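The values are calculated or read from the model by the stated rules, or taken from the named source; none is laboratory data. If you're wondering where the values come from, they're calculated on a predicted model, not measured in any experiment. All Cβ positions, even for glycine, are placed from backbone atoms using ideal geometry, and neighbour counts span all protein chains on display. With ligands, DNA and RNA removed, areas are computed over all heavy atoms of the protein, side chains included. Shrake-Rupley method; radii C 1.70, N 1.55, O 1.52, S 1.80 Å.
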Amino acid sequence: MEEDEEEDYMSDSFIKEDVRPGLPMVRRMKEAIQKEEKQKEANEKNKQKSIKEEEKERRELVLKSALGNENRGFALLQKMGYKSGQALGRSGEGIVEPIPLNIKTGRSGLGHEEVKKRKAEEKLENYRQKLHMRKKANEQAADQFRIRFKNKQEERKMEGDLRKSQRACQQLDMQKDIDVPKEIWFWIEPEEEEKKDEEEKEDECTSSDFSVSEKLQILTAYLREEHFYCIWCGITYEDSEDLSSNCPGDSAADHE
């Protein structure tokens, strides 16, 4: 009769019960984790050790224990006056502990560890050589980039000096009533000339088949000889004697 009665929602048992949402799921997860851990512990306890593991444990136990009187070698040493903890030899300069026992557990042959060590050292040396070569290649690439960048900057500077020389040449030639430049590239070419026929362009290219540095050298020499003008000084001298005595030189390096 009492089992069929409804639960009293005002009773202490109902009020004290934690009814937060999601709490039953958290409890079930905790219980599952605890159950799994207990199962692992039981499996570890019930796990049967292999023959190798048992041999290793027995060997370590024996090696850790000191030699007793039941050992024939130790008994002979005692008869000869040896005491436990004493070094071997008449003057006590020998070893105190027995020679350590190195057990070979693998299936590899004798000398395999040395070969393995040598191969590892060779591999490490090859890796270091590769790193060194890669570093050297990166340094060479960086040097080449710097050289290209410097050459590009110098080329741009020479192009600027050439345009400056062309403007100066055109101005100085026109002051002397020279209507046609000595070379077609001595003056800055007007934009209209770009629209000429292809034949005229081909003739123009063949007549100015010089590099920027060669053009600059030829044009500065012309300005110095014809107008006594130095592009880097920015001065028109009175004559060749005044130019040679007061101008540092005929190149940009001489004026630095």
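List of remarks:
- The trypsin sites (Lys or Arg not before Pro) found in segment 151-181 that occupy coil by DSSP, while having at most 13 further C-beta atoms within 10 Å, are 176.
- Computed Rg/Rh of segment 110-176, alpha carbon atoms with Kirkwood Rh: 1.68
- Greater than 32 Å apart at Cα, pairs in 38/117; 64/123; 40/116; 136/215; 150/176; 52/119: 38/117; 64/123; 40/116; 136/215; 150/176
- Segment 30-106, Cα convex hull volume normalised per residue, Å³: 180 Å³
- Accessible surface of segment 41-159, 1.4 Å probe: 54 percent of it comes from carbon and sulfur atoms.
- Largest first, the residues 180, 115 sort by 1.4 Å accessible area into 180, 115.
- Considering only 102, 127, 158, the residue lying farthest towards the positive end of the dipole of segment 78-192 is 102, judged by Cα position with unit charges set on Cβ.
- Accessible surface for residue 130 stands near 130 Å², nearest 10, in the context of the full protein assembly shown (1.4 Å probe).
- Mean accessible surface per residue for segment 74-140, computed with a 1.4 Å probe while every protein chain stays in place, in Å²: 98 Å²
- Of 187, 232, the residue with the largest accessible area leads and the full order is 232, 187 (1.4 Å probe).
- Nearest-10 value in Å² for the accessible area of residue 228, using the 1.4 Å probe: 60 Å²
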